[in-house]
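What follows is one structure encoded as structure tokens, with my remarks underneath.
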Amino acid sequence: MTTAKQILPGATLGVLGGGQLGRMFTVAARTMGYRVVVLDPDPASGAGLFADEHIQADFDDEAALKKLASMCDAVTLEFENIPSTSVRLVASGTTVYPVAESLEIAQNRDLEKQFAQKAGLQPVPYHAICADADVEAAAADIGFPSILKINTLGYDGKGQYVVNDLAGLKEAFDAVDKVECILEKRVDIACEISAIVARNAESDIAAFPVSENQHRNGILHISIVPARVDESLSAQAVERASILADAMSYVGVLAVEFFVTTDGQLYFNEMAPRPHNSGHYTSDACVTSQYEQQLRMMCGLPPGDTRLVSPVVMVNMLGDLWEPDWLKILGHDNIKLHLYGKKQARPGRKMGHYNVLAENVEEALDTAVSVFNELSR
Ligand code: ADP
Ligand code: MG
């Protein structure tokens, strides 16, 4: 049984970041009777609109961070690029999960891969590049084709360059202004999967079913659950994600992305210290959503049941589709629509998603794809 302080309905929870993940957390928390305060600079923050209170301020605004801490029984975050100094400042006034140390590992590709490797996971072979002097050694070590990835602030494939020779590598390193990078071997991916686990301060761990993820232009397009991979691979992914969470003494929801290569290897790719796009399916297809799970972890509660109630396929809706014909989605009785409340659609901007629930994964995938094709016409 849990012994740490438990934070119960009626208490106030804070979120650093007010995008869609914060919004879905806010909905879950308010549904369960918690008050929610969101800190985000955007006056139209999708989470801020649903929260009891929205502190409209930058993530490094010390007065605003202190105010958030003073108002909240516990604080979490919805994206990993909140400065860890800000998280430390909030943590001097209230409980914050995940802690700054976990965040700092996940913010830096080199650190997270080093950490994962020490914990016994297997990252794709890579070589750190901090300056021109490292470029040739990296090329000799990793070879080509490979991918140059900036160490910090990359997402949705941004800050990544596929390089085919030394000249290309030098060019790419110039193009990123010689910030710290890694050169990573390009592997032949059969499929990508993610394992989302949740851990509380009592070391209780619960894992959601593994999701199979397909990307388009570096952005998650479709998640398929259960993943169509060997059960032993799924089980390994869950085990490795749990090992990683334990190794960090992590508290919160942790998403871990893996590559399954054509020769059957399971490589660690990266982690996200928060609910993840590939876990959107949990809102409609699991007993507990990843957002409720995040709340349970930060509040010192036992994890909720992660059981999959129905096969499900999630499709991300980007601004490219706007303005969609809603009836093409809502005309189906087995599709659940989620919109993020963003007024302006731009190509590549995440506007919403839908979850298709069906008797089996093939049926869910058929419907998901045919609806997407109709919307894209
Ligand atoms: P991001 O932080 O932008 O999500 P990732 O490292 O996850 O960055 O890369 C984005 C996508 O690029 C991956 O989901 C995968 O499809 C592809 N990719 C990344 N690294 C490799 C690699 N080493 N080999 C082959 N494909 C890769
Ligand atoms: Mg990724």
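Coordinate-derived values only; no laboratory data. Remember, predicted model here, so these are calculated numbers, not experimental data. Note that each Cβ is placed from the backbone with ideal geometry, even for glycine, and that neighbours are counted across all protein chains shown.
Annotations for the structure displayed:
- Protection proxy ranking of 236-247, 160-171, by the mean of other Cβ atoms within 10 Å over each peptide's residues and highest first, is 236-247, 160-171.
- Using a Gaussian network model of the chain in which every pair of alpha carbons under 10 angstrom is joined by a spring, one finds that among ILE142, ILE222, ILE105 the greatest mean-square fluctuation is at ILE142.
- With θ taken as phi - 60° and the Karplus curve 6.51 cos²θ - 1.76 cosθ + 1.60 applied, the whole-hertz 3J(HN,Hα) list for the range 173-184 is 5, 4, 4, 8, 6, 6, 6, 4, 9, 10, 9, 10 Hz, x standing for glycine and proline.
- Scalar couplings 3J(HN,Hα) for the range 292-299, obtained by applying the Karplus form with A = 6.51, B = -1.76, C = 1.60 to θ = phi - 60°, are 4, 5, 4, 4, 4, 5, 6, 9 Hz; x denotes Gly and Pro.
- Ratio Rg/Rh [Cα only; Rh per Kirkwood] for the range 1-156: 1.09
- Convex hull volume of the Cα atoms of the chain, normalised per residue: 142 Å³.
- Here the range 125-185 is treated as an ellipsoid with the same Cα gyration tensor; its semi-axes, largest first and in whole Å, are 15, 12, 11.
- Above-threshold pairs, the threshold being 29 Å between Cα atoms, out of LYS5/LYS336; LYS113/LYS178; LYS67/LYS336: LYS5/LYS336; LYS67/LYS336
- Globularity index of the range 290-347, i.e. its alpha-carbon radius of gyration over 2.2 N^0.38 Å: 1.54
- Other-chain or far-sequence residues with amide H under 5 Å of LEU318's (modelled H): MET351
- Normalised per residue, the volume of the convex hull around the Cα set of the range 84-161 (Å³): 124
- Centre separation in Å (Cα based) which lies between the range 70-145 and the range 14-30: 22
- Per-residue Karplus couplings for the range 355-369, computed as 6.51 cos²θ - 1.76 cosθ + 1.60 with θ equal to phi - 60°, are listed in order as 10, 9, 10, 8, 4, 9, 5, 5, 5, 4, 5, 4, 5, 4, 6 Hz, Gly and Pro entered as x.
- Rg/Rh ratio calculated on Cα atoms of the range 40-109 (Kirkwood radius): 0.95
- Over the range 18-107, Cα pairs under 8 Å with separation of 6+ residues give a relative contact order of 23 percent.
- Unit Cα scatterers, Debye sum, the range 169-276: log10 I(q)/I(0) for q = 0.16, 0.23 Å⁻¹: -0.77, -1.20
- Stokes-Einstein, applied to the Kirkwood radius of the range 252-308 over Cα pairs at a viscosity of 0.890 mPa s and 25 °C, places its translational diffusion at 197 µm² s⁻¹.
- Eigenvalues of the alpha-carbon gyration tensor of the range 189-376, scaled by 5 and square-rooted, set the equivalent ellipsoid semi-axes at 27, 19, 16 angstrom, largest first.
- Computed on the range 1-65, the Cα convex hull volume stands at 98 Å³ per residue.
- Once the gyration tensor of the Cα atoms in the range 221-293 is diagonalised, the equivalent ellipsoid follows with semi-axes of 20, 17, 11 Å, ordered largest first.
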